[in-house]
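Okay, so here's the structure we're looking at.
The values are calculated or read from the model by the stated rules, or taken from the named source; none is laboratory data. Fair warning: this is a prediction, and the values are worked out from it, not measured in the lab. Quick reminder, even Gly has a Cβ in these numbers, built from the backbone with ideal geometry, and neighbours come from all protein chains shown. Quick note on the areas: whole protein, heavy atoms, side chains included, nothing else; ligands and nucleic acids left out. Shrake-Rupley method; radii C 1.70, N 1.55, O 1.52, S 1.80 Å.
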Amino acid sequence: MTIILGQARIPALARGFSLLGSGGGGKTTLQELILGASGEWPLNVHQVRDVDPALPCVAVAYVGSTHFLHERLPAEDPFAPLLTAAARWSGTRPEAVCALEGGGVNGLTALGLAHEMVFVDADFTGRAYPRLDQMSLYVDKVPGLFAVCDTGAGGVAIVNTDRAEDMEKVIRAAVIQAGGVAPVLLGGFHVGDLREHAINGIYLQALELGEAFIAAEQEPVPVLAERLGARLLGQGRVTAIEISAQTMHNSTIEVTCNDGEISRVIARSEFLAYMSDGEVLAATPEIIVVLDSISRAILQVDEVMQGRHIAVVSLPAPAWWLERRERLIHVLPAVFGLDQLERST
């Protein structure tokens, strides 16, 4: 099935990718405006099974702090230099494109290339994750991958390695050189590789989630959660936020729930776990979403502040991560320095 995206469906798609961001991935507002100003409508999003598996494919995203995108607007065609470098490096011009990350702003970012390449409904995370070595193609050790990153001032860096941790470190250094956020392209694979080594159908999922969210936005939170196919974990007021003594990257958000219980949301750049009375009720790779109870805004981690009234729900983990233990270990709480928070299933 091909999804026909008109401009009117972009807000729903954006809300869906915001939910899949699990508190990370960046705000979608700027990319919504950029797409809305495009004259290339409608856009076609093709299912992986309907596309020639031999087509050379690339995935694109912004890497780094997406806050900087609102301070320093992206170039009109930010991925053009990267596509040129990828074609020169590989000797083949990419013909298909997919999203690198299926959460937050990057779900919309890849659509900027949908008018010039075959756009495939797949990504490498199924939600937002912070590290490039957590991308599914690297987790499954697909050979021959390379990455291209903007380094600022018209420069690009090409990283060709099968060691995922090396790619993460070098690209991260290039992003810092570029000013904290940069367009990144991953290449060296074909559409056929996406069938087993990527999360398929993320755009259809985001669109369905977004449409359900908009339709039920003003309903009571339990009804909204049910319409999303989510579990309602708790509602209440944020009473404290503490930075971890072990690592400054992790924080604990204490919530006094409406029923008087004390709950905790554990966060990094995404929400990673939810605990109530010492019991882990949800944990990554489940998708934990925090909403403003009053406005129903889908909150990023840094938007959760003391005194705010919130509702916490969880969406099911992308099935791809659950299929094999060797995949799952890359996205469990322990990877983020949170031992003993893996939820029993």
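Taking a ≥ b ≥ c as the square roots of the eigenvalues of the Cα gyration tensor of segment 158-221, is the shape rounded (a/c under 1.5), prolate (a/b larger than b/c) or oblate?
Details: a/c = 3.64, a/b = 1.72, b/c = 2.11.
Here segment 158-221 falls in the oblate category.
Test of understanding: express the Cα radius of gyration of segment 58-130 as a ratio to 2.2 N^0.38 Å, with N the residue count.
Here the Cα radius of gyration is 1.11 times the empirical estimate.
Summing Lys, Arg as +1 and Asp, Glu as -1, what charge do residues with Cβ under 15 Å from the Cβ of residue 133 carry, residue 133 excluded?
-1
Per residue of the chain, what 222 nm ellipticity follows from adding -39500 (n - 2.57) for every DSSP H run with n ≥ 4, rounded to the nearest 500?
-7000 deg cm²/dmol
I need the shape label for segment 200-323. Rule: rounded when a/c is under 1.5, else prolate if a/b > b/c, else oblate, with a, b, c from the alpha carbon gyration tensor.
On the way: a/c = 1.79, a/b = 1.26, b/c = 1.42.
Taking the square roots of the gyration eigenvalues as a ≥ b ≥ c, segment 200-323 is oblate.
Measure off, as a whole percent, the carbon and sulfur share of the 1.4 Å-probe accessible area of the chain, all protein chains present. Could the numbers behind the result be given before it?
Numbers: 7440 of 14500 Å².
Answer for the chain is 51 percent, counting heavy atoms of protein chains only.
At what distance in angstrom do the alpha carbon centres of segment 256-272 and segment 55-90 lie from each other?
Each part's Cα centre sits 35 Å from the other's.
Give the relative contact order (percent, whole number) for segment 1-157; include only Cα pairs under 8 Å separated by 6+ residues.
Numbers: 240 pairs, mean separation 46.5, N = 157.
About 30 percent, as a whole number.
Largest first and to the nearest Å, give the Cα extent of segment 76-235 along each principal axis.
53, 33, 32
Compute a Gaussian network model of the chain, connecting alpha carbons closer than 10 Å, and tell me which residue from 52, 123, 292 fluctuates the most.
52
Taking +1 at the Cβ of each Lys and Arg and -1 at the Cβ of each Asp and Glu, which of 62, 251, 205 sits farthest along the dipole of the chain towards its positive end, judged by Cα position relative to the Cα centre?
62
Classify segment 1-136: rounded, prolate or oblate, from the alpha-carbon gyration tensor (a ≥ b ≥ c, eigenvalue square roots; a/c under 1.5 rounded; otherwise prolate if a/b is larger than b/c)?
Rounded.
What length, rounded to one decimal in nm, is gained on full extension from residue 177 through to residue 259, with 0.36 nm per residue of separation minus their alpha-carbon distance?
Additional length available on full extension: 24.6 nm.
For the chain, which longest stretch is free of loop sites, where a loop site is one of the GluC sites (Glu not before Pro) that DSSP puts outside H, G, I, E and B and that has at most 15 other Cβ atoms within 10 Å?
Formally, the longest exposed-site-free interval is 117-216.
Which residues among segment 1-42 fall inside the zone where the amide N is under 13 Å from a point 7 Å beyond the Cα of residue 115, along Cα→Cβ?
7, 34-42
Taking Cα pairs under 8 Å and at least six residues apart, what relative contact order does segment 229-284 come out at, in percent?
Contact order relative to length: 23 percent.
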